[in-house]
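Here is the structure we will look at, set down as structure tokens.
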Amino acid sequence: MRSYPGRSGLKRSAPVFAALGDATRLKLVARLSEGGPQSIKRLTRRSRRTRQAITKHLRVLADAGLVRGTRVGRESRWELEPRRLDVAYSYLDLISKRWDAALDRLRSLVEDSPG
């Protein structure tokens, strides 16, 4: 069972949600989650973006703790940091459960009302 971070955790997680709010960065996270560590060359292969643009997006993701880059010779390889995604998932799960509970209460009110 997942535990839910407190308010201080939410404040620390805001950069994660901000970083994931960009379509290009979200695609990069998806590609890294499917293909493991990848080079900039490989990450730009199916993109219309330049290597420089992809690198800037990867740096935003790294600043949020979502990815990390390592040098292998002359090449940088990037990989996903799944623990940071777990924090985001925990918040989204909490919000979902709260909405479900609120909708259940509303449903009960509507069904129990006369008329």
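The values are calculated or read from the model by the stated rules, or taken from the named source; none is laboratory data. Because the structure is predicted, anything quoted here is derived from the model rather than measured. Reconstructed Cβ throughout: ideal geometry from the backbone, glycine too, with neighbour counts over all protein chains shown. We work out accessible area using only protein heavy atoms, side chains counted, and drop any ligands, DNA or RNA first. Shrake-Rupley method; radii C 1.70, N 1.55, O 1.52, S 1.80 Å.
Brief remarks follow.
- Per atom type, the chain shows carbon and sulfur on 53% of its accessible surface, probed at 1.4 Å.
- Candidate lysines - alpha carbon under 16 Å from residue 41, same-chain residues fewer than 8 apart omitted: 27, 56
- Overall form of the chain per C-alpha gyration tensor (a/c, 1.5; a/b vs b/c): prolate
- Judged by the gyration tensor of its Cα atoms, with axes a ≥ b ≥ c, segment 70-115 is prolate; a/c meets the 1.5 cut and a/b is the larger of a/b and b/c.
- Dipole check for the chain: with +1 at the C-beta of Lys and Arg, -1 at the C-beta of Asp and Glu, and the Cα centre as origin, the magnitude is about 1020 Debye.
- The residues of segment 17-82 expose, per residue, 64 Å² of accessible area to a 1.4 Å probe.
- Ordering 20, 40, 73 by Cα displacement along the dipole of the chain toward the positive end leaves 73 in first place; charges were set at the Cβ atoms of Lys, Arg (+1) and Asp, Glu (-1).
- Cα-based Rg / Dmax (Å) for segment 7-61: 12.4, 40
- Hz values of 3J(HN,Hα) by residue in segment 47-63 - Karplus curve (6.51, -1.76, 1.60), Gly and Pro given as x: 10, 8, 8, 7, 4, 5, 5, 4, 4, 4, 5, 5, 5, 4, 5, 5, 4
- For segment 98-104, putting each phi into the Karplus relation 6.51 cos²θ - 1.76 cosθ + 1.60 with θ = phi - 60° gives couplings of 5, 5, 4, 5, 5, 5, 5 Hz, in residue order, rounded to whole numbers and with x for Gly and Pro.
- Taking amide H positions as modeled 1.01 Å from N, with prolines and chain starts lacking one, the residues under 5 Å from residue 76 and 5 or more places away or on another chain are 40.
- Taken one residue at a time, the phi angles of segment 28-42 give Karplus couplings (6.51, -1.76, 1.60, θ = phi - 60°) of 5, 4, 4, 5, 5, 6, 8, x, x, x, 9, 7, 4, 4, 5 Hz. Gly and Pro are set to x.
- Relative contact order %, the chain, counting alpha carbon pairs below 8 Å whose residues are six or more apart: 30
- Long-range HN-HN contacts of residue 67 with modeled amide H, under 5 Å: 62, 81
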